[in-house]
Every structure is written in structure tokens, then in C-alpha cells.
1. Quick test for you: out of PHE576, PHE554, PHE513, pick the one residue that is of a type in the set (Phe, Trp, Tyr), surrounded by 15 or more Cβ atoms within 10 Å (Cβ to Cβ), within 23 Å of the chain's Cα centre (by Cα) and farther than 30 Å from GLU259 by Cα.
2. State the number of residues belonging to region 519-557 that are of a type in the set (Ser, Thr, Tyr) and within 21 Å of VAL570 (Cβ to Cβ).
3. SER497 fails exactly one of the following numbered conditions: (1) modelled with pLDDT under 90; (2) more than 30 Å from SER323 (Cα to Cα); (3) not hydrophobic (A, V, I, L, M, F, W, C). What is the number of that condition?
4. When the residues of region 344-379 are narrowed to those that are surrounded by 22 or more Cβ atoms within 10 Å (Cβ to Cβ) and among the polar types (S, T, N, Q), which ends up farthest from PHE554 (Cα to Cα)?
5. Criterion first (at pLDDT 85 or above, closer than 30 Å to THR369 by Cβ and outside any helix (DSSP H, G or I)) does ILE331 satisfy it?
6. What's the total number of residues in region 146-181 that are over 15 Å from MET130 (Cα atoms) and at pLDDT 80 or above?
7. Given (1) part of a helix (DSSP H, G or I); (2) over 24 Å from PHE313 (Cα atoms); (3) touching a Lys or Arg at 6+ places or on another chain (Cβ under 6 Å), identify the lone condition not met by LEU467.
8. How many of the residues making up region 402-436 are in a helix (DSSP H, G or I) and within 22 Å of the chain's Cα centre (by Cα)?
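The values are calculated or read from the model by the stated rules, or taken from the named source; none is laboratory data. Small disclaimer: the values here were computed from a predicted structure and weren't measured. We place every Cβ from the backbone using ideal geometry, glycine too, and count neighbours over all the protein chains shown.
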Amino acid sequence: MQECHGKVNIDFSGMKKIALVGNPNVGKSVIFSHLTGMYVTVSNYPGTTVEVSRGAGTIARHKYEVIDTPGMNNLIPSSEDEKVARDLLLNECPDLVIQVADAKNLRRTLLLTLQLKAMGFPIILNLNMMDEAEQRRIEINVKKLSELLDVVIVSTIATDGIGVWELKETIDQAAKVGGGHKLKLLSEHARENRERQRQVVEIYKAVVKKMPRGTLFLERLGDFTMRPLTGIPVLFFVLWLLYQVVGVWAAGNGVGFMEEVVFGQYINPWSIKLADLVIPVPLVKEFFVGEYGVITMALSYAIAIILPILTAFFLFFSILEDSGYLPRLAILLNRSFRVIGLSGKAVIPMVLGLGCDTMATMTTRTLETRRERVIATLLLALAIPCSAQLGVILGLIGGLSAKATMIWAGAVSLIFFLAGFLAARLFPGKSSDFIMEIPPIRLPKLKNIFVKTLARIEWYLREAVPLFIYGTIALFVFDKIYVLKIIEDLASPLVVSFMGLPVKATEAFLIGFFRRDYGAAGLYALAQKGLMSPTQIVVSLVTITLFVPCLAQFLVMIKERGMKTALGIVAFIFPFAFLVGGTLNFILRYFRVAL
């Protein structure tokens, strides 16, 4: 079983099972975290690449296994996620099913409720997001709904923890009488489906009343973000804010403090003094505090350079995520993505790629055709920098000029759309239809922002920092056996003559194989030492952005797309990145572009 961010594996033997089901984006994961806390495991459902979360929860001194199923609209599946959710219910036979519902979209919920009832599952209907229903002046007669459906209903605002205690009490009472139920197969006959749809309409009309309301400011703002005339300026403003927060403030103040004060005045000098005292062997001492030392290079790069930038990016990204802006961005860019053979649905993996390309590659499975999944995987590997890499790039280029930033962003964007356009022509087929439910624009909650940010920082420290250490050890070994010198000599015609970079930049590209942000941090260090001109900085940053995917992303590409496709993508990207870098170097020098 694969662990999630290092969480421990859990023994579920002897526990009653609770399954959380519901449409996508209704708050199942929030309810899941309330019921289970932090003890979570994640594994792929057998025979698929769809992940299922499991956790142990204690309710009224009783232990329960809680299963968070993939989002589903229907028990008659139309996607791999829905098939896994249905099969999980049938094979696991949970003692209790909690259907989490979006209160403001009750009609979409009721079909699944009727199907669960028809199959004989003992269920609790959890009406979540009641605050958003109230904001939209939607009144639900919960008592009447409970009578019509013959199910227990609990209302919650899960993000604030409201109603969670009542939900736990209801679970404990229901679980005492649950179990031993016999499941029935769900008829897929069109006539019975139409009958259920008719029941949904009747129940909805009987229990829901929409009160007249004026246009709320946040709703109006949400509409503006989806219209090209107003949405594109909003997008540019968001990008400008990102640049100011990450590239200017975090890279300037945060990195300056960590690099010059924390590591420059304390950690590195103290480590060197300690090594002089306790390590008599020069080679071992150099391993820890030398030019390619675990402390003086790996931890300096990972903690002093990348962590401050990454923290600012994670904070900013969590605000965007919690506000409901990202689905609106998908709507805004849908038409542009059609040009590269994708629908607006692919915007979500691309935006997630700005957080972590590895996880974003896994989310491409939600795209409907293999053609779209391959194109999206290619573009993620080629032209979408992860948060750590993007943060370092913004931090480095932020110290140059607006022109330098525009050249970097323009070059990467051009390559993104050009590669997508050509890939769309190379792979036959059409883009799938794009249908997405848009959540309301919300004021981000501080608790959510900090919890998400801390979780991502923990992930970085646990998953990424060890790779920095491995990469540094590889450089140390290569240096001692003169392989590094051989690589630099062999790469000199390409790196120095063609791309116009210093020969030491070869090391940055070499460690970029482990993690691209580590490679970007190497370029950052060269620039800080005054070893690169502004033109060289821009050329190197464009190249490292387009560089081969990191080791973790490559392994996920093999898992998701297969060995042949993954190797084909890397075989294309590796020479292409250097070709673009060399071409950009020629253009900037030929036209004598001042940066």
C-alpha cells in the first residue's frame, strides 16, 4: 500500500466500514478529515490508477474504517472514477454509507440518493455547504426531505466544523443497527432511469424554495473572471501579484535572510567549525561541508534558497484554490486550449502542475480521451514549472527587469502552445466536450490556507529534500572520480559555445535530472556569485524550465502513460530544451537585446 506523504499504514481489521460518497467537489475530503484526523493511507484501487483514501476514526469510543470514494454523479458509471466508486461499494459492502451533498445543488444529489436506496445501502444524507445555500437564498425543508426519502439527514458547514458533532452522533447510532443488509443490483433500464429522474424533480420541487435575491458582489466578481473582456485583465493581475509576492518579496527578503543570515552567519560557519573539530578525515569533512557538501550545498539550496520562495508560492496558491478562482480560469481558457487539442478541463492539471507536476500528471487520468491525456502529459513535462522551480525562477528573474521576465514567460508560453498545436495535429481525434460545475467565489478561510500550506511544506521537506541530498552526493562522487570534469568537457560545445553559458551551468542541468527545482537553484547560486550575465540568466532559465521532467514525474509518467510513451516524451524534450536555449541565445545576442 502506498503511503500518503509518509503517513503510517493502518490495521483496519475488526473495524466497521463507513463509505463516503457524493458528487465531485461537495466536501467529502473535509468530512473525511473531520472523521479520521491525520491518519490516512492512499492506495490505487486494484487494476486501476484511481486513488482511494482510507482512514481510521474514533466515534463514541468505537473505531471505524472510513473510505473516501472518488466523486461520482451516478451509480451507472460513465468514467473510470465512477466505476471504481461503484465497484468499491459493491465489493467492500460498507456497514454505512454517508452521502455528502452540496446543499445548493440538491437536485444533482437526489438521483444518487435514490440509486443508493434502490440498492439497499443504509445511508445518511449529509447536506453540506448549508452556508452557501443560505447565501443564495435557497431554503430546504430538511424534515420533509427526510420523510420523502426515508433517510436520516444531517446538515453541516464542514469547513467551519459546524454540524460535524451531530454527524458523528448520527453515525454512531446508525452503525449500531447497521450491517447485515443485502444489496440488490441496480437496473440500468432506460424506463427505470426515467422514473428516478421524475422522482428527483418531484422531490426537489416539494422541498426546495428559492427566495428572490439581489446580485451579490462576490457572484458578480466571479462572473467577471470568466468573461474574456474582464477575465483576462484579472488573470494578468493575479499573475502580477504572484510575481510580486514570490519573485520580489519572498526571493528578496526571505531568501536574503535565510541565505545571508541563517546559513551565511550561523549554520554553515558552525558546521565547518564542528567538522574541523570532530572529523579528522578530509574527504569525509568535505562530504558534509565542502563545495558539494550535504550541508553547505544540499541543505543550503533546499532550505535557504527554495523553502522561503516555496512557502510564499504555496500560500498564494492556497488562496486561489480556496477562493474558487481556478475552475473559472478553466472556463476562461477553454477556447484557447481547444487550439492545442484539449478542453478547458485540462486547465486544472496544468494549474495543479504549478504546484507539483508529479501529482498533476496523475490527475490527467480525469481527461476523457487517451489523446488528451498524452498531450497534457507532454505539456506538463515540457513547459509547466512546478512550484519550487517557478519560485526560484521568479526569484532570480525578478532581480533583473520586466523585459527579462516577459522574454522568459513569452518564450515558455510560445513553446507551450506551439508544442500543443503540433501534438494536436500529430495525434488524430477531437477534443472532448467541456462541462464543469462552477463553485461560488468564496472569501478564503485562514485556517484552510494555513493547513494546506503547512501540509505542502511538510510534503516538500519529506519528499523533495532527500532528493537534493542524493543529487549532491552524486555530484560529490562524480567530482572525486573526475566524471564531473569529463561531463563538463563533453558538454562544453553545447553549453558554452551553442548556449553561451558558463561551463559550471552543466552542474545545474546535471542535478536537474533529480529535480528541476534543484537545477534552478544551482543557476540561482551561479547568478548570486556573479558568474552569469542577464542574457545568460534568461537563456538558462528558459532551458531549465523546458528541461526533462524530474525523476518522480518520470516514474509517474511511466505508470500513467506506459514506458514507450514516457521514454518518447523525454527523448523529445531533452534535445529540444537545449535547441530552444541555443536559439534564444543567438536571437538575444544577434539583436543585442539589453536586459
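1. Details: PHE576 fails: within 23 Å of the chain's Cα centre (by Cα); PHE513 fails: farther than 30 Å from GLU259 by Cα.
So the residue among PHE576, PHE554, PHE513 that is of a type in the set (Phe, Trp, Tyr), surrounded by 15 or more Cβ atoms within 10 Å (Cβ to Cβ), within 23 Å of the chain's Cα centre (by Cα) and farther than 30 Å from GLU259 by Cα is PHE554.
2. If we filter region 519-557 for residues that are of a type in the set (Ser, Thr, Tyr), which is where we start, we get 524, 533, 535, 540, 543, 545.
Retained after the next criterion (residues that are within 21 Å of VAL570 (Cβ to Cβ)): 540, 543, 545.
Adding up the residues that qualify gives 3.
3. Only one criterion in (1) modelled with pLDDT under 90; (2) more than 30 Å from SER323 (Cα to Cα); (3) not hydrophobic (A, V, I, L, M, F, W, C) is unmet by SER497, namely (1).
4. For region 344-379, the residue satisfying everything is THR364.
5. On the way: at pLDDT 85 or above: yes; closer than 30 Å to THR369 by Cβ: yes; outside any helix (DSSP H, G or I): no.
No, not satisfied.
6. Going through region 146-181, the residues over 15 Å from MET130 (Cα atoms) turn out to be 146-152, 165, 168-181.
From what is left, the residues that are at pLDDT 80 or above are 146-152, 165, 168-174.
The total comes to 15.
7. With respect to (1) part of a helix (DSSP H, G or I); (2) over 24 Å from PHE313 (Cα atoms); (3) touching a Lys or Arg at 6+ places or on another chain (Cβ under 6 Å), LEU467 is out only on (2).
8. The initial filter retains those residues of region 402-436 that are in a helix (DSSP H, G or I), namely 402-426.
Of the ones still in play, those that are also within 22 Å of the chain's Cα centre (by Cα) are 409, 412-413, 416-417, 420.
So the count comes out to 6.
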